[in-house]
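Engineer: Handing you a structure now.
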Amino acid sequence: MDRDAYRNCCSLVKIPRPSYEQFWSSHFVDYIDKDLSYSKFFKKYLLPNHPCMFSRRFTEDWKCRKQWVSEEGKPNFQKLLQEFDETPVPVANCNAKEYNANPKQIIPFKEFIHYWKEYIKNGHSSPKGCLYLKDWHMARDYPEHNVYSTPVFFSSDWLNEYWDTLEVDDYRFVYMGPKGSWTPFHADVFRSYSWSANICGRKKWLLYPPGQEEFLRDTHGNLPYDVTSAELRDRSLFPRSEEACQPLEIIQEAGEIIFVPSGWHHQVYNLEDTISINHNWLNGCNVDIMWQFLQSELSSVQKEIDEWRNTMDSWHQHCQVIMKACSGINYAEFASFLKILAEHRMSVLNACSSGNSSDYPRHLSETLTTLGPYHAAFDLQRVAHIIECLLCNEDFKRLDHSTLTLQPETMLQQIRDTIQSTRGQHLLYQE
């Protein structure tokens, strides 16, 4: 991030996001084929939360585009089997529906490849249904492979930074699916951003700008499983569906990378036999959207078990437990998330101040060096804002703060002190 980008956004308390009205009747997103600075991507796409597509030139050096793909541009089954053979992988059945998603099973990689080859041989059909290898943590299972690199545009990735620090999980995935496989209508985890690169094959994306999904709810308040279903035209089931705009329909070719912004609901089809790499990620530009999502999730839980509010002394704690089970995170872990992110960035600014880069968190040194001190300062501004929001939140106040890894008032003061002390070194504000 450069000085101008930092100055333009560091004073923002609430990030202004222009109306998405331009996408209501459009069928086009920006196509990026030339060099683009990180600061321009930050200002033009991250802050306003707008989608775009990067051309294949941004993936042309990836090993997987050479090793996993045949000369005909198809999946190289032989090479893939050599690499992954008996590896257990998650496989979904696109022909089955379970709670608005596709049920998954874990099978050996070679079994899925055998199925895929038979599926192609039978004219892209099988009595087993249409199976789709998805949400496979390949990079976590094979960290030494290094078959791709995260583009700098997506490198401010708080979500995976947090999980890498804990060494527990990650949100980096590989998808492999035959022609006809698809993913039902959804928005990404925690309302994160996502980027998705086609290693081979083609995808069709149907994207709805934030807010449009509200028109697509049924009479029970549920979102549709398939936005192309004829039942959406039934006003007795989906009374407001005609008010929704038409989705952005985007065809993604081999090698291209799509940026899907925060809170954009989407449905995705593989038009050919396709392999893709996808990361969910978030940062200072959309952490406020994540916080809004978490408040909404807790509110939903509270409504579900409201009848027991006056009969349970620990009702609020139970709401947090249920929220963690349903959403994957609760307020206490969100506070821990903010603490770790803040500590890393304070280390960056203090290292810049001392001139000792060995003070950086080791596993983040390259990324944080690339993004620079301006970005670290912006990130701290955003963390401080969210901590201030937590301190004003009645449900957060009800938590047992003695059990929190984050003591919010203390962390807030540390952030302010760090920004003030590094300002004195003219690291962030020198002309």
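The values are calculated or read from the model by the stated rules, or taken from the named source; none is laboratory data. Please read all numbers here as calculations on a predicted model, not as lab measurements. Cβ coordinates were reconstructed from backbone atoms using ideal geometry, including for glycine residues, and neighbour counts include every protein chain displayed. SASA here: full protein model, heavy atoms, side chains in, ligands and nucleic acids out. Shrake-Rupley method; radii C 1.70, N 1.55, O 1.52, S 1.80 Å.
Engineer: Test of understanding: extend the Cα→C-beta vector of Arg235 to 7 Å, then name every residue of the range 184-219 with backbone N under 19 Å from that spot.
Structural biologist: 215-219
Engineer: When the Karplus curve 6.51 cos²θ - 1.76 cosθ + 1.60 is applied with θ = phi - 60°, which whole-Hz ³J(HN,Hα) does each residue of the range 393-406 get, with x for Gly and Pro?
Structural biologist: In residue order, the calculated couplings are 8, 5, 5, 5, 4, 6, 5, 6, 5, 5, 8, 7, 6, 9 Hz.
Engineer: Can you compute log10 of I(q)/I(0) for the range 248-356 with the Debye formula, treating each Cα as one identical point scatterer, at q = 0.15, 0.17 Å⁻¹?
Structural biologist: Computed log10 I(q)/I(0) values: -0.89, -0.97.
Engineer: Hey, another quick one. Using each residue's phi in the range 237-250, evaluate 6.51 cos²θ - 1.76 cosθ + 1.60 at θ = phi - 60° and report the 3J(HN,Hα) Karplus result to the nearest Hz, with x for Gly and Pro.
Structural biologist: Running phi through 6.51 cos²θ - 1.76 cosθ + 1.60 with θ = phi - 60° gives 9, 10, x, 10, 4, 5, 7, 6, 6, 5, x, 5, 9, 10 Hz.
Engineer: Could you compute how much accessible surface Tyr20 exposes when probed at 1.4 Å, giving the result in Å² to the nearest 10?
Structural biologist: Here the accessible area works out near 30 Å².
Engineer: Which value in deg cm²/dmol, rounded to the nearest 500, describes the helix-derived mean residue ellipticity at 222 nm for the chain, given -39,500 (n - 2.57) per DSSP H run of n ≥ 4 and division by the residue count? Mind showing how you got there, number by number?
Structural biologist: Numbers: 13 runs with 153 residues, N = 431.
So the calculated ellipticity at 222 nm is -11000 deg cm²/dmol.
Engineer: Here's another thing I want to ask about it. For the range 106-184 and the range 275-345, what is the centre-to-centre distance using only Cα atoms, to the nearest Å?
Structural biologist: Using only Cα atoms to place each centre, the spacing works out to 26 Å.
Engineer: Non-local amide H neighbours of Ala244 (under 5 Å, H modeled in plane, Pro and chain starts lacking H): which ones?
Structural biologist: Placed amide hydrogens put nothing under 5 Å from Ala244.
Engineer: Could you pull out every residue, at least 5 positions away or on a different chain, whose amide H is within less than 5 Å of the one on Ile32? Hs are placed 1.01 Å off N in the peptide plane, and Pro or chain starts have none.
Structural biologist: Met53, Phe54, Ser55
Engineer: Follow-up question, since we're still on this one. Between Val29, Val91, Val287, find the one with the highest GNM mean-square fluctuation for the chain; connect C-alpha pairs within less than 10 Å.
Structural biologist: Judging by the Gaussian network model, the answer is Val29.
Engineer: Let me ask you something else. Would you please put 246-257, 367-378, 52-63 in order of how densely packed they are, using the mean number of other Cβ atoms within 10 angstrom per residue and starting with the highest? Working shown, then result.
Structural biologist: Working: 246-257: 18.3, 367-378: 21.3, 52-63: 16.1.
Highest-to-lowest ranking by the protection proxy: 367-378, 246-257, 52-63.
Engineer: Over the range 273-330, how many percent of alpha carbon pairs lie in each 10 Å bin up to the one with the longest distance?
Structural biologist: Taking every Cα pair in the range 273-330, the percentages come to 20, 38, 23, 14, 4, 1.
Engineer: Ratio to report: Rg/Rh of the chain, with Cα atoms as the point set and Rh obtained by the Kirkwood method; give two decimals.
Structural biologist: Reported Rg/Rh, Kirkwood definition of Rh: 0.97.
Engineer: Could you give the alpha-carbon Rg of the range 125-237 over 2.2 N^0.38 Å, rounded to two decimals?
Structural biologist: Normalised by 2.2 N^0.38 Å, the Cα Rg of the range 125-237 equals 1.32.
Engineer: Build a GNM of the chain with springs between Cα atoms under 10 Å: which of Asp170, Asp417, Asp288 gets the top mean-square fluctuation?
Structural biologist: Asp417
Engineer: Quick one, what does Rg over Rh come out to for the range 17-63 if you take C-alpha atoms and the Kirkwood Rh?
Structural biologist: Details: Rg = 12.6 Å, Rh = 12.2 Å.
When Rh is taken as the Kirkwood radius, the ratio is 1.03.
Engineer: Taking the mean number of other Cβ atoms within 10 Å as a proxy for protection, how do you rank 32-43, 271-282 from highest to lowest?
Structural biologist: Those peptides, ordered most packed to least, come out 271-282, 32-43.
Engineer: What does the convex hull of the Cα atoms of the range 175-262 come to per residue, in Å³, rounded to a whole number? Intermediate results must be reported in sequence, preceding the final value.
Structural biologist: Numbers: hull volume 9.0 nm³, N = 88.
Considering the Cα atoms of the range 175-262, their hull volume per residue is 102 Å³.
Engineer: So what are the ³J(HN,Hα) numbers for the range 318-327, from phi and the Karplus equation (6.51, -1.76, 1.60; θ = phi - 60°), rounded to whole Hz, Gly and Pro as x?
Structural biologist: Those phi angles translate into 5, 4, 5, 5, 5, 4, 4, 5, 7, 10 Hz.
Engineer: So, with +1 on the Cβ of K and R and -1 on the Cβ of D and E, and no other charges, what is the size of the charge dipole of the chain about its Cα centre, to the nearest 20 debye?
Structural biologist: Details: 44 positive and 57 negative charges, 140 e Å.
About 680 debye.
Engineer: By how many nm would the segment from Asp33 to Asp141 lengthen if fully extended, with 0.36 nm per residue of separation less the alpha-carbon distance?
Structural biologist: The Asp33-Asp141 span can extend by a further 35.7 nm.
Engineer: Among Lys63/Lys339; Lys40/Lys74; Lys97/Lys324; Lys34/Lys204; Lys43/Lys134; Lys104/Lys179, which pairs are too far apart, with a Cα-Cα distance over 27 Å?
Structural biologist: Details: Lys63/Lys339 36 Å; Lys40/Lys74 34 Å; Lys97/Lys324 24 Å; Lys34/Lys204 23 Å; Lys43/Lys134 32 Å; Lys104/Lys179 18 Å.
As for pairs spanning more than 27 Å Cα to Cα, those are Lys63/Lys339; Lys40/Lys74; Lys43/Lys134.
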